[in-house]
Structures are given as structure tokens and as C-alpha cells.
1. Taking only pairs six or more apart or across chains, which ones have beta-carbon atoms under 9 Å, a first residue in the stretch 312-323 that is under 24 Å from Phe118 (Cα atoms) and away from ligand 4 (no atom under 11 Å from the Cβ), and a second residue that is polar (S, T, N, Q) and not in a strand (DSSP E or B)?
2. Any residue in the stretch 99-113 that is within 26 Å of Val310 (Cα to Cα) sitting within a Cβ distance under 9 Å of a residue that is of a type in the set (A, V, I, L, M, F, W, C) and assigned to a helix (DSSP H, G or I)? List the pairs, counting only those 6 or more apart or interchain.
3. So which of Arg81, Arg85 is basic (Lys, Arg), more than 15 Å from ligand 1 (Cβ to nearest atom) and at pLDDT 95 or above?
4. Select from the stretch 140-152 the residues that are within 16 Å of ligand 4 (Cβ to nearest atom) and under 19 Å from Phe47 (Cβ atoms) and list them in ascending order.
5. Which fully enclosed helices (runs of 4 or more DSSP H) of the stretch 231-340 have 3 or more residues being farther than 30 Å from Arg28 by Cα and more than 16 Å from ligand 1 (Cβ to nearest atom)?
6. Residues in the stretch 335-355: is at least one surrounded by fewer than 19 Cβ atoms within 10 Å (Cβ to Cβ), within 34 Å of the chain's Cα centre (by Cα) and not polar (S, T, N, Q)?
7. Restricting to the stretch 171-213, name every residue that is in contact with a strand residue (DSSP E or B) (Cβ under 6 Å, 6 or more places away or on another chain), within 18 Å of Gly313 (Cα to Cα) and more than 16 Å from ligand 4 (Cβ to nearest atom).
8. With respect to Lys158, is the statement that it is among the basic types (Lys, Arg), within 17 Å of Asp62 (Cβ to Cβ) and not in a strand (DSSP E or B) true?
Amino acid sequence: MRLSRYFLPVTKDAPADAAIASHKLMLRTGMVRQNGAGIYSWLPMGFRVLKKIEQIVREEMDRAGAVEMLMPTLQQADLWRESGRYEAYGKEMLRIQDRHERDMLYGPTNEELVTDVFRSYVKSYKQLPLVLYHQQWKFRDEVRPRFGVMRGREFLMKDAYSFDLTEEDARVSYRKMFCAYLNAFGRMGLTAVPMRADTGPIGGDMSHEFIILADTGESAVFCDKALLDMPAPGLDLDFDGDLTAEVEKRTQYYAATEEMHDADAFAALPADRQVSARGIEVGHIFNFGTKYSVPMNAVVQTTDGQMVPVQMGSYGIGVSRLVGGIIEACHDENGIVWPESVAPWQVGLINMRVGDAACDAVCERIYQALQAAGREVLYDDTDERAGGKFARMDLIGLPWQTTVGPRGVADGKVEVKNRKTGEKHEVSIEDMLNQLD
Ligand code: ATP
Ligand code: MG
Ligand code: MG
Ligand code: MG
């Protein structure tokens with residue numbers, strides 16, 4: 001992408017109401033534009049990052065055997081009356097009437113809709129297990145939308161739903177999602193800690209929130225340091241195998257959000273392993289048994305011909321929240337420091353002297369060669385001052401910067417900088433092009 005033809009509305013200052021680093025940086029780098037409380041337009045660079053995150057989530061859901069679909073944002077109230085949640089959901093639900101005065105709503109989540117899809121087609125245990133998912137915009141009329149996209153009202157969620165014949169099968173599905181979540185967050189450069197979460201009247205141990213630690217997080221969280229040092233299971237994990245050990249490797253350690261906190265159990269940990277911090281909920285997995293299948297009559301035939309309500313679980317990831325969450329975890333005083341996997345482009349190419357024939361020619365060659373080698377490049381070909389270009393490139397935080405200036409070009413060299421470490425080194429232009437060949 002040539003910056004001169006792109007739309008990257010970078011500004012010097014963020015509005016005063018942006019309270020945390022990620023919100024400020026997203027506004028300053030022109031990633032999003034607020035249209036109303038908790039409602040944002042995704043401007044081109046922000047949209048690129050959102051799509052990258054969405055794609056990682058998709059790949060990890062698919063790897064775990066989930067099947068992608070797309071359900072609508074607008075839903076019929078009648079389905080929610082069946083489950084009893086139309087009244088129960090309260091003011092967070094945005095209620096709408098169509099021209100025929102039918103009650104509708106903008107979905108805050110999709111259990112009812114997906115259960116309706118399921119019961120319409122699936123009748124037998126032979127079609128199980130099944131995990132359906134989509135990535136779709138949700139609306140929740142939050143009391144206090146804040147921190148930019150982290151607590152929006154309209155936000156993008158990946159929500160998956162599992163259907164199983166027995167409680168034990170449902171556990172198997174739960175473990176798959178548990179591991180897939182760790183892999184997905186790991187690929188984004190995050191350490192997300194699964195923490196015991198409230199199961200309400202359903203009870204049991206199958207509810208975990210995935211939390212990334214950040215001083216600006218909204219929840220107080222407590223965990224064993226061992227969990228912060230543990231790598232994700234890895235992309236070669238066999239999802240058809242038994243994942244019990246992989247899950248228990250983590251659940252054996254103490255980790256809980258405020259609501260579930262057991263101060264005595266926490267105090268029993270060695271002092272140097274007690275982590276008491278703030279956290280951001282980036283995902284939540286929850287098995288709720290037959291909570292929806294019973295009232296909505298989603299039943300399947302068992303091996304001996306009986307009809308039983310299907311066991312269900314739901315698995316959410318805050319895709320748009322993650323954009324802010326990743327920046328919260330990955331920035332410094334000069335701006336964003338994107339992990340490679342979600343960076344809008346991997347390389348920023350800076351032409352220090354646009355209009356200088358030699359610089360232009362070298363930039364053009366590098367730009368073409370990088371792209372031919374499959375690298376995503378933002379080429380700063382604007383005629384601004386070099387100082388401003390460096391600051392802007394640091395601000396938008398692409399992992400690699402390649403700078404082309406007249407002095408270097410005369411020596412056949414360009415400078416390559418690693419945004420994260422700040423390390424710079426000179427590279428011969430020929431070596432660089434040969435390497436990319
Ligand atoms: P929170 O505790 O932050 O209000 P939640 O528990 O209500 O979140 P879930 O119903 O578990 O949210 O939804 C699944 C995921 O969707 C959450 O883990 C979070 O990452 C994301 N999410 C929820 N509410 C919002 C929001 N208002 N803005 C952005 N993302 C959200
Ligand atoms: Mg909420
Ligand atoms: Mg929550
Ligand atoms: Mg939750």
C-alpha cells in the first residue's frame with residue numbers, strides 16, 4: 001500500500017475523554033472513529049487489524065472442528081420468549097419494532113437463534129457432536145460504554161455453540177474450545193489465563209473466562225504465576241485425542257476473577273507465585289447443559305430410541321475488544337508495537353527523500369520485491385519531512401521499518417529497524433533483494 005493513496009488519518013492528540021493508552025492510540029492512528037457512545041466506524045487500518053484477528057480466530061476454531069456459519073444481527077423476540085430471556089435480559093437488550101409492530105431485537109448473543117437452527121435439522125445422536133460458530137456484530141446497551149472498542153455497545157464477537165448427546169461428550173467439546181482459545185490468543189502474542197468463572201444456578205466447573213493482564217483491566221483477578229509462564233498447547237495439538245491432561249495442566253493452578261476469588265486458597269500459594277492484578281476478559285467459555293434445549297425443545301434421539309434434550313455450551317471471543325486489548329499489552333511511549341501476526345502490515349518502507357531519483361528507484365524495487373515475497377508493506381511515499389515520517393511509523397507500530405535515504409543509497413545500503421527492540425542495522429540493498437528472491 002502506498003501511503004500517498006491510502007486513508008490513514010493520524011492526529012497529533014487524542015480527545016481528552018480517551019482515558020487509556022489503547023483508546024488514545026486507536027484514535028490517534030486513525031483506526032476507528034466514534035460515531036456515537038460505544039459505536040465506531042472501523043477506518044482502513046483498524047479494519048485490517050480486525051480482519052487479522054478474525055482470521056486467526058477462524059483458523060483456530062476450524063482446527064478444533066467447529067463449523068462456520070452466519071446468523072443475522074436482528075432477531076425475532078418470539079424466540080427469546082421461548083427461552084424466557086426476552087424479559088429477563090433487561091436494559092442491555094436493544095429492542096426494536098418493525099413496521100408490522102412485531103417485536104425484534106439486535107442480538108446481544110445467539111443461544112436462542114442457534115438452538116432454533118439446531119432443532120430444525122438435527123434429530124439424532126448420529127449427527128453429534130456439532131459445534132457451530134459465527135463472527136457477527138452484537139449490540140449491548142452497556143450502562144457505561146468506555147475505553148473505546150474494549151467496552152463498546154456495538155462490537156464484534158465470535159460465538160460458538162456446542163451440541164452433544166451426553167454430559168461427558170459436552171466436556172470433550174468444552175476441552176477442545178479451551179485449548180483452541182489458548183492457541184488463538186497465543187498466536188496473537190497474548191498470554192490469556194483461563195480463570196474459573198461463575199456458573200450461576202447451573203453450577204459445575206465448566207465456565208472459564210480468558211483474561212489478559214493489564215493495569216487498565218476492568219476486573220480484579222488473582223492467579224498463580226505458573227500460568228503466566230505456560231505456553232499455549234501448540235498448533236500440532238491433536239483435537240481428536242484426549243485433551244484432559246492439557247486442560248488440567250492449567251486448571252490445577254489457582255486462577256479466579258473477583259467473583260470467584262477464594263482468599264484463603266490464594267494466600268496458601270508461595271508468596272512469589274501470588275499474582276494479584278487487573279485483567280481484561282477477552283473470551284468466555286461456558287457449558288450450560290440443557291438450559292436452552294429444554295424450554296426450546298431441542299431434542300435428539302439416543303442409541304436406544306429415546307428423545308433427550310441436547311447438551312449445550314457457548315464460547316465467546318471479543319474480537320473487536322481484542323484490538324484494544326492487544327494494544328494495551330503491546331505499546332510503548334512512542335506508539336503501538338504490533339505482534340507480527342496481527343500487524344496491519346509487517347513492513348513500513350520509508351522513503352526519506354521522495355523525488356530523489358535514486359531513492360525513489362530503490363524504494364520501488366524493495367516495495368515490489370517485498371510484496372512479491374508475500375510481505376505486506378506500507379510504503380511511505382509522501383513528501384513530508386523525514387522526522388515526521390519516523391514518528392508516524394513508530395506510532396502505527398509496524399514490526400519492521402526499512403528506511404531508504406540518499407546517503408545510504410549512495411553506499412548501496414538501507415537501514416532496517418525492529419520496532420519492538422529498537423535495534424537498527426544497515427543492510428546492503430542487493431543482499432536484501434536477493435534474500436527476498
Ligand atoms: P464483560 O464482563 O466485559 O461485560 P461479558 O461477560 O458480559 O463481558 P460475554 O457474554 O461473556 O461478555 O461475551 C463474550 C465476550 O464478548 C467477552 O468475553 C468479551 O470479550 C466480549 N464482550 C462482551 N461485552 C463486550 C462489549 N461491551 N464490548 C466489546 N466486547 C465485549
Ligand atoms: Mg457484560
Ligand atoms: Mg464478564
Ligand atoms: Mg463473560
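1. Within 9 Å, the pairs are Met312/Thr115; Met312/Thr290; Met312/Ser293; Gly313/Ser173.
2. Correct list of pairs: Leu105/Ala77; Leu105/Trp80; Gly107/Leu113; Glu112/Leu79; Glu112/Trp80; Leu113/Leu79.
3. Working: Arg85 fails: more than 15 Å from ligand 1 (Cβ to nearest atom).
Selected residue: Arg81, the only one of Arg81, Arg85 that is basic (Lys, Arg), more than 15 Å from ligand 1 (Cβ to nearest atom) and at pLDDT 95 or above.
4. Met150, Gly152
5. Details: elements: 244-251, 263-267, 319-329.
Per the criteria, 244-251, 263-267.
6. Scanning the stretch 335-355 turns up at least one residue that is surrounded by fewer than 19 Cβ atoms within 10 Å (Cβ to Cβ), within 34 Å of the chain's Cα centre (by Cα) and not polar (S, T, N, Q).
7. Ser173
8. no
The values are calculated or read from the model by the stated rules, or taken from the named source; none is laboratory data. In this text the structure is predicted, and so the values were computed from the model without any measurement. Positions of Cβ are generated from backbone atoms using ideal geometry, with glycine treated the same way; all protein chains shown enter the neighbour counts.
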